[in-house]
Amino acid sequence: MNLIIQGAEVATADLKHLARLGGATAIESIAANAFRLVGAAPFPELAPHCEQAGLDYGFVPENRRLADFRLVVMDMDSTLITIECIDEIADFHGLKVQVARITAAAMRGEIDFRESLRQRVDLLEGTTEDALMRVYEERLRLSPGADRLLARLHATGIKTLLVSGGFTFFTERLRARLGLDYTCSNTLEIEDGRLTGRVLGEIVDADGKLAALRRVRDELGLKKEPVIGIGDGANDLKFMAECGVSIAYHAKPVVRAQATYALNFVGLDGVLNLFN
């Protein structure tokens, strides 16, 4: 196994300290502020030291390559992008505080996602359709490193699936803009230029995300192992559990506890540093 260490800044003293405690045979540079501690073994001080130093870490089999994977499935809100779209739509309706409170509770797994979405969308009734475009144009930003991650995935021939409890208004625009292969999300009902407070069709919740992953995986003839799953909230756990490697990205504690790796300090391109 190799121990991957990465962060916004990685001090030489921290690297040497971790290498010594883990019994690493060498320290290799992977990228700016990303390093491989060859042959390191787990040790008790690793997690607390990295947390204090602002470092992400992960033990990776030495022969694991990015090219071994064929599909990456990821969440949208607070994962591929930096915002929760529904909270920003609510801001244009003067209800961001109320909606964001429900969103946060759902992402922590404290309330059922399906019910939380109904409550939040109901609060949006009467919001004008142009609020959606304003959120997309004025507030939606890709997470740091997202462009680099997607460029490498495309160059490696790895398919991409965006699964979201958010809305097709955003996922379909991101699909066209970023060259994503597949998307799955909810559709807001709009009548006379205003949101009705309802969602059309079956709600995409944790089970919906899992079903989308299974459909695409079956279509591509894949098993679990060559799939990477990336998410941040409790409603991502089901699809992440069906991936060979799961990555908690700036995620809630319940997600970090169950993922293969957690990226708390670096951007999405930190995924690339985990694999040769």
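Data overview
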| quantity | calculated |
| --- | --- |
| Residue 49 paired with residue 13, simple spin-label distance in nm, labels 7 Å along Cα-to-beta-carbon | 1.3 |
| Pair residue 172, residue 95: separation of 7 Å Cα→Cβ label points (nm) | 2.4 |
| C-alpha long axis of helix 168-178 to longest principal axis of the chain, angle in ° | 40 |
| Tally of Lys pairs whose C-alpha atoms are under 29 Å apart, taken over the chain, 8 or more apart or cross-chain | 17 |
| Length gained when the stretch residue 64-residue 156 is fully extended (0.36 nm per residue, less Cα-Cα span) | 31.7 nm |
| Antiparallel bridge percentage (DSSP; both residues within the chain; nearest 5) | 55 |
| Inter-part distance where the range 20-68 and the range 165-209 are each reduced to a Cα centre, Å | 38 |
| In nm, spacing of pseudo-spin labels at residue 104 and residue 215 (7 Å Cα→C-beta vector) | 3.4 |
| Correct option for Cα extents along the principal axes in Å [calculated from the coordinates] among (1) 65, 36, 36; (2) 67, 44, 35; (3) 66, 40, 30 | (3) |
| The chain: most fluctuating residue of 183, 12, 196 per GNM, C-alpha cutoff 10 Å | 12 |
| Cβ-based exposure ranking for 154, 250, in which fewest neighbours within 10 Å come first | 154, 250 |
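Just so you know, all these numbers are worked out from the coordinates, no wet-lab data involved. It should be emphasised that the depicted structure is a prediction, and the values quoted were computed from it without experimental measurement. Heads up, the Cβs are rebuilt from the backbone with ideal geometry, glycines too, and the neighbour counts pull from every protein chain shown.
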